[in-house]
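In what follows, a structure is listed as structure tokens, so that the remarks can point back to it.
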Amino acid sequence: MKIKISLVVILAIFVSFQLNAQQKTNLELTDIFDLEYVTNPSISPDGSKVVYVRNFKDIMTDRDYSNLWITNIDGTQNRPLTQGNHRDFGPVWSPDGSKIAYRSNSQDDRVKLFVLYLDTRESVSLTNSANAPGSVSWSPDGQSLAFTQFVPSNPKSLLTIPAKPAGAEWNASPIFIDELNYRGDGAGYLKPGYQQIFTIGLTGGTARQWTSDDQDYGSPVWSVDGKSLIFSANLHEDNELVPNNSEIYQLSLVDGKITALTSRFGPDGNPAISPDGKQIAYIGFDDTFQGYQVRNLYVMNADGSGVKNLTEDLDRSASNPQWEANGKGIYFQYDEKGDTKIGHVALTGKVRTVVEGLGGLDLGRPYNAGSYSASSNNRFAYTLGGGDHPADLAVWVDGTSNRITSVNDDVFSYREIGKVEEIWWKSSYDQKDIQGWIVTPPNFDPSKKYPFILEIHGGPFAMYGNSFSYEIQQYAAAGYVVLYSNPRGSTGYGAEFGNSIHHDYPNHDYEDLMSGVDAVIEKGYVDTVNLFVTGGSGGGVLTAWIVGKTDRFKAAVVAKPVINWTSFVLHADGAAFFAKYWFGAMPWEDIENYWRRSPLSLVGNVSTPTMLLTGEQDFRTPISESEQYYAALKLQGVESAMVRIPNASHGLVNRPSMLMSKSASILSWFNHYRDQK
């Protein structure tokens, strides 16, 4: 009897252990270090293999790393090409499929250009410059590579400063600045110099520099005959004050002559040369100074004649053009209603959708970003997104899509995440249809009441979608129902919808968002006493705008906002752009309009406990914007706080812990007020 009892007890303990082992728990903040995602899917010319970048993080160094992986098109023999805690990225196949060019900082933390030979799996470093090479293009014969690289310059200074005595320890010399664009978000204060065009052979040696004037040149692609490079750049004399006017150029590799192939006013870029070399596809638009302008796919003859707009009737922005192998059409990608798709346009202008479901490239927030590449036999490799996973590798062959990787199955085997549900509603302002997504907590019970977070995207000309979001999933894991959406001004819904905030932002996007909150409340599972609101960048603008117009939210987090449009357009890293496109006048020419649209103008109405959160090295929406609002809230007696993320630029993704700290800070603020009766 004792033996039988012992066996039963042992069996019960074993079963209990197995059940506990299989039970999933909610996502935790430090899980950011375990999440991986796929980028840069590059299919071989013959469509038989795919090289891609597998991105991962290290919790001890707080760094992002990436290695190259290769797989057969059917998913077999999926294995790493490179290994180690460094960054390998940007793989590009040689025309014959025997080599892969890529960039890496694997040797001494400097990014260099490498070529990997697939027959031996050996990598050879071709460059050894202090400055990183840009995107790479193979010559048609597979013997040379073209790329851009930063070349420092020595600008003259008008300052005459006495020299210090020998051995003296003086302060660093003053910095003389006489350019409009002197700093950039993520780059800091810009070093003097320009992006120049280079070529280099597979034998290495010194790269040949083809351009050398005081201009920034775009990434070049080779002509089919190998005698010239095609690139995009803004080489106009007024390019500092008129930044949105680039052209497509041809650089002769015979005599170095540069010839403009386009001439209209507006940005022309992303050149792609037809298989026979007779035509060039490119992306652009006729600039009308609107905040949102649909980017069309054009085609022209190789000499710049015969320009034709192929996507004029699509009413969606095209990008990433890649020619069909027979030269009769062009593949491209575009966003539509929260989804990113691969389209095809015939040279006759007929458009069709080929693949849907691209995405997953933004790990933090649910921006629907994706990428793809096409083979010579019309197969595709692309990043597959979804609300339940970051970007994985997928392929499309003969009309069928196949998911190749599931790089986070290990994490999701023991973590439960929130379910994502699409929702549409009518705006109370003008009955516009607004699309959004509800994320419910793990083990959601619709008969219960849950606290609620409205999360608002930035841009404002951007698009959320059914994409996995670390931030949103953290809120769901903490027990919140979350709504995120695409209010008016979002992309992916056409020119009219995108420009419905033209020179009128923020304004009626407020009604779009409040109508969405009401639509979720009507479902019956929201605790209306515990409503919270947050957003970053343009979403920070709208969050500050919202608490200036209503007190229905229990607490708010205003992340990296614009608070005062006058100070923003003169302090952000796009001084020549924002006033011209978003306002149509300089601040001193239209003081009333700038103030009317500034959340600071409504600060006297705010009673909602509000926290500010911004990176200290944010040069897009500088932290001085948050500081202004913080001081104003304090002077108004509003419960408020400010969180400063050291060393962080606008994206708050320089280090993995920055994204974690942002989410943790927002939850800390909301949880504090949620728990108050």
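The values are calculated or read from the model by the stated rules, or taken from the named source; none is laboratory data. For clarity, every value in this text was computed on a predicted model and none was experimentally measured. Cβ placement follows ideal geometry from the backbone for every residue including glycine, while neighbour counts extend to all protein chains displayed. When the accessible area is computed, the model is the full protein with side chains, heavy atoms only, and any ligands, DNA or RNA have been set aside. Shrake-Rupley method; radii C 1.70, N 1.55, O 1.52, S 1.80 Å.
Between the stretch 264-293 and the stretch 362-428, the C-alpha centres lie 28 angstrom from each other.
Under a 5 Å amide H cut-off, with hydrogens placed 1.01 Å from N, I404 pairs with L393, A394, V395 among residues at least 5 apart or on other chains.
Spacing of the modelled spin labels on Y189 and T353, each 7 Å from Cα toward Cβ, amounts to 5.0 nm.
Applying a DSSP loop filter and a limit of 16 other Cβ atoms within 10 Å to the trypsin sites (Lys or Arg not before Pro) in the stretch 34-113 leaves R110. The HN-Hα couplings worked out from phi for the stretch 44-57 by the Karplus form 6.51 cos²θ - 1.76 cosθ + 1.60 (θ = phi - 60°) are 5, x, 8, x, 8, 9, 9, 9, 9, 9, 9, 9, 8, 10 Hz, whole numbers, x standing for Gly and Pro.
Give me the lysines in straight-line cross-link reach of K580: C-alpha distance below 29 Å, same-chain residues under 8 apart excluded. List returned: K191, K308, K337, K432, K549, K560. The residues of the chain expose on average 43 square angstrom of accessible surface per residue, using a 1.4 Å probe on protein heavy atoms.
Note on D410 and D287: with the Förster distance fixed at 35 Å, the Cβ-Cβ geometry gives a FRET efficiency of about 0.15.
In summary, the lysines within cross-link reach of K49, defined as a Cα separation below 28 angstrom excluding same-chain residues under 8 places away, comprise K57, K99, K112, K328, K341. Separation of the stretch 430-504 and the stretch 110-142 by C-alpha centroid, Å? So the separation of the two Cα centres works out to 41 Å.
State the percentage of accessible surface on the chain attributable to carbon and sulfur atoms; use a 1.4 Å probe and exclude ligands, DNA and RNA.
50 percent
For K448, the lysines whose Cα comes closer than 20 Å to its Cα, not counting residues fewer than 8 places off in the same chain, are K419, K523, K554, K677. Candidates G186, P243, G204 compared by Cα position along the dipole of the stretch 122-280: farthest toward the positive end lies G204, with charges placed on Cβ. In the set [x] 40, 32, 24; [y] 43, 37, 20; [z] 41, 34, 27, which value of semi-axes √(5λ) of the Cα gyration tensor in Å was calculated from the structure you see? Correct label, based on the coordinates given: [z].
Note on W424/K449: beta-carbon distance plugged into 1/(1 + (r/R0)^6) with R0 of 25 Å gives a FRET efficiency of 0.60. Farthest toward the positive end of the dipole of the chain, out of G218, Q77, G359, is the Cα of Q77, where the dipole comes from beta carbon charges about the Cα centre. Overall, the chain carries a charge dipole of about 1420 debye about its Cα centre when +1 sits on the Cβ of Lys and Arg and -1 on the Cβ of Asp and Glu, all other atoms neutral. Loop-located chymotrypsin sites (Phe, Trp or Tyr not before Pro) across the stretch 170-278 with a Cβ neighbour count of 10 or fewer within 10 Å are W170, with loop assigned by DSSP.
Once the Cα-Cα distance is subtracted from the 0.36 nm per residue extended length, the V254 to A495 segment shows a gain of 82.5 nm.
Please state the shape class of the stretch 73-116: rounded when a/c is under 1.5, otherwise prolate if a/b exceeds b/c and oblate if not, all from the C-alpha gyration tensor.
oblate
The convex hull around the C-alpha trace of the stretch 416-519, projected and averaged over every direction, spans 6.5 square nanometres.
Could you give the semi-axes, largest first, of the ellipsoid that matches the stretch 14-168, computed as the square roots of 5 times the alpha carbon gyration tensor eigenvalues and rounded to whole Å? Mind dumping the intermediate values first?
Values: eigenvalues 306, 168, 29 Å².
They are 39, 29, 12 Å, listed largest first.
Dipole orientation for the chain: of the candidates G498, L393, N301, L393 has the Cα lying most toward the positive pole (charges on Cβ; Lys, Arg +1; Asp, Glu -1).
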